[in-house]
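One structure below.
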């Protein structure tokens, strides 16, 4: 396996990890900002108040996105295993 091929595999893995995790992180960010705004308006300064809405929102988005996430991961795995023969030097 050449250094270029190894670099390409790592690059694809990083892009896949970012793509798969982006919806969950964005929902967590949006819910956190929304709860923080509500806390600022109502002057409730409870630190643990943000956890329950974030957990629920991320859980719902994870369940909704699970087929897409699995499809992306299985596609990457199939592509990696399919090109495995070309990486073995003889």
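Overview of values
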{"item": "Calculated diffusion of the chain, Stokes-Einstein form, Kirkwood radius summed over Cα pairs, 4 °C and 1.567 mPa s, µm²/s", "result": "81"}
{"item": "Helix-only mean residue ellipticity at 222 nm for the chain, each DSSP H run of n ≥ 4 adding -39500 (n - 2.57), per residue, nearest 500", "result": "-30000 deg cm²/dmol"}
{"item": "Degrees between helix 51-82 axis and first principal axis of the chain (Cα, 0 to 90, nearest 10)", "result": "10"}
{"item": "Least to most buried among 52, 69 (fewest other Cβ within 10 Å first)", "result": "52, 69"}
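No value in this document is a laboratory result; all are computed from the given coordinates. What you see is a predicted model, and the numbers here were worked out from it, not measured in a lab. Neighbour counts run over all protein chains shown; Cβ positions are idealised from the backbone, glycine included.
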